[in-house]
Every structure is written in C-alpha cells, then in structure tokens.
Amino acid sequence: MNASLHRVWDMFLGPMLQRPKKLQVAALCHRGDEQDREYLLITSRDTGRWIIPKGWPIRGLKSWETALQEAWEEAGVQNSPASKAPVGRYTYKKRAASGLEVPVETLVYSVDVQALAKTFPEAHERTLKWVKAEEAAEMVNEPELQSLFRDRQ
C-alpha cells in the first residue's frame with residue numbers, strides 16, 4: 001500500500017503540485033587563451049560560498065545583457081563581450097527568506113573579461129578569485145556547474 005501511494009505521488013500528484021523552476025542568468029567570466037584560461041569566481045553575500053555572477057532577469061534586457069549587468073554589479077566586469085546564446089545551464093535550490101528551498105534554473109553566458117573595475121556596486125560584499133577550470137569545479141557546490149567547468153579543461 002505504502003509503495004502504491006509513493007508511486008501515485010511521484011507520477012501524478014507531485015508533478016501537478018510542483019511549481020515550475022524560477023529562472024536566473026549567470027556570467028561565466030574568463031580571461032586568457034585556452035592554455036592559460038582562468039575563470040572568475042565570487043563569494044555569495046549570504047553564505048560566502050563560491051559562485052559565478054548571477055541574478056534574476058531584468059525587464060527590458062536580453063538574458064545575455066542581464067548576465068553582463070550581474071557581472072558588473074557583483075564582480076566589476078566592464079567593457080567585455082558576452083555570448084548571445086547560453087553556453088550551458090545548471091540548477092540549484094535557493095533558500096527563500098521563509099526557509100523554503102526554491103528550485104532555480106540558471107542559464108550561463110560566456111563573458112570574455114577585458115577589464116575589471118576596482119570599485120563596483122557590490123565590491124565591499126564579495127571576494128573575487130581567478131582560477132583554472134578544474135579548481136573552479138572543486139570550489140563550486142552545484143554538480144551541473146562543476147560539469148560546466150570540467151567540460152572547459
């Protein structure tokens with residue numbers, strides 16, 4: 001009986017009651033040529049874990065433009081081109097203020113960093129670090145983001 005109830009939940013009720021994933025966009029910031037390529041990681045404001053710049057879509061901006069905006073606000077990236085199509089995606093669970101975890105799908109855009117500003121909106125809230133792809137994969141928590149870095153080695 002218990003197995004039957006779990007099956008009904010898994011196949012019908014759970015999917016019907018589950019809300020769709022929220023959407024964010026992110027910037028996979030890099031510098032250097034393929035042999036010496038490094039990726040920019042930043043700390044999150046709440047937990048201090050290593051992440052890439054990301055945020056919610058901004059009305060009036062295309063996704064890649066929002067990724068550039070987030071890279072500027074969170075890491076000081078300026079005058080740098082971004083890919084117009086996502087180079088990957090990953091999912092994670094964002095903890096809401098209520099304590100509930102909300103599933104988020106994140107579209108990732110490549111950003112070829114040309115310059116970093118010394119001062120930017122969130123400079124006092126974040127730490128930045130340039131690392132190789134393998135080290136970045138070890139530093140971030142999200143398995144799909146880890147894979148995205150490992151695919152770039």
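Residue-wise test of (1) touching a helix residue (DSSP H, G or I) at 6+ places or on another chain (Cβ under 9 Å); (2) among the charged types (D, E, K, R); (3) over 18 Å from PRO143 (Cβ atoms).
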| residue | (1), (2), (3) |
| --- | --- |
| THR43 | yes, no, yes |
| THR47 | no, no, no |
| ILE52 | yes, no, no |
| TRP56 | yes, no, yes |
| ARG59 | no, yes, yes |
| GLU70 | no, yes, yes |
| LYS94 | no, yes, no |
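Yes or no: the range 75-83 includes at least one residue that is in contact (Cβ under 8 Å) with a residue 24 or more places away in the chain, surrounded by 14 or more Cβ atoms within 10 Å (Cβ to Cβ), part of a helix (DSSP H, G or I) and not aromatic (Phe, Trp, Tyr). If you could, list the steps in order and put the result at the bottom.
So in the range 75-83, the residues in contact (Cβ under 8 Å) with a residue 24 or more places away in the chain come out as 75-83.
Filter once more, so that each one left must be surrounded by 14 or more Cβ atoms within 10 Å (Cβ to Cβ): 75-78, 80, 82-83.
So of that shortlist, the ones also part of a helix (DSSP H, G or I) come out as 75.
Filter again for not aromatic (Phe, Trp, Tyr), leaving 75.
The answer is yes; a qualifying residue exists.
Of all residues in the range 31-48, which are surrounded by 13 or more Cβ atoms within 10 Å (Cβ to Cβ) and under 14 Å from the mean Cα position of the chain (by Cα)? Quick ask: steps written out before the conclusion?
Pass one, the range 31-48, residues surrounded by 13 or more Cβ atoms within 10 Å (Cβ to Cβ): 31-32, 37-44.
Selection gives TYR39, LEU40, LEU41, ILE42, THR43, SER44.
What is the number of the single condition among (1) without any contact (Cβ under 8 Å) to a residue 40 or more places away in the chain; (2) outside any loop (DSSP other than H, G, I, E, B); (3) surrounded by fewer than 17 Cβ atoms within 10 Å (Cβ to Cβ) that ALA137 does not meet?
Tallying (1) without any contact (Cβ under 8 Å) to a residue 40 or more places away in the chain; (2) outside any loop (DSSP other than H, G, I, E, B); (3) surrounded by fewer than 17 Cβ atoms within 10 Å (Cβ to Cβ), ALA137 fails exactly one: (3).
Does VAL111 satisfy the condition of being closer than 23 Å to ARG152 by Cα, buried (at least 19 other Cβ atoms within 10 Å of the Cβ), in contact with a Ser or Thr (Cβ under 7 Å, 6 or more places away or on another chain) and at pLDDT 95 or above? Spell out the reasoning first.
Values: closer than 23 Å to ARG152 by Cα: yes; buried (at least 19 other Cβ atoms within 10 Å of the Cβ): yes; in contact with a Ser or Thr (Cβ under 7 Å, 6 or more places away or on another chain): yes; at pLDDT 95 or above: yes.
Answer is yes for this residue.
Can you pull out the residues in the range 19-41 that are of a type outside the set (A, V, I, L, M, F, W, C) and touching a helix residue (DSSP H, G or I) at 6+ places or on another chain (Cβ under 8 Å)? Before you say what the answer is, go through the steps one by one.
Initial filter on the range 19-41 (of a type outside the set (A, V, I, L, M, F, W, C)): 19-22, 24, 30-39.
ARG37, TYR39, listed by residue number.
The values are calculated or read from the model by the stated rules, or taken from the named source; none is laboratory data. Quick caveat: nothing in here was measured; it's all calculated off a predicted structure. FYI the Cβ positions are ideal-geometry reconstructions off the backbone, even for glycines, and counts take in every protein chain you see.
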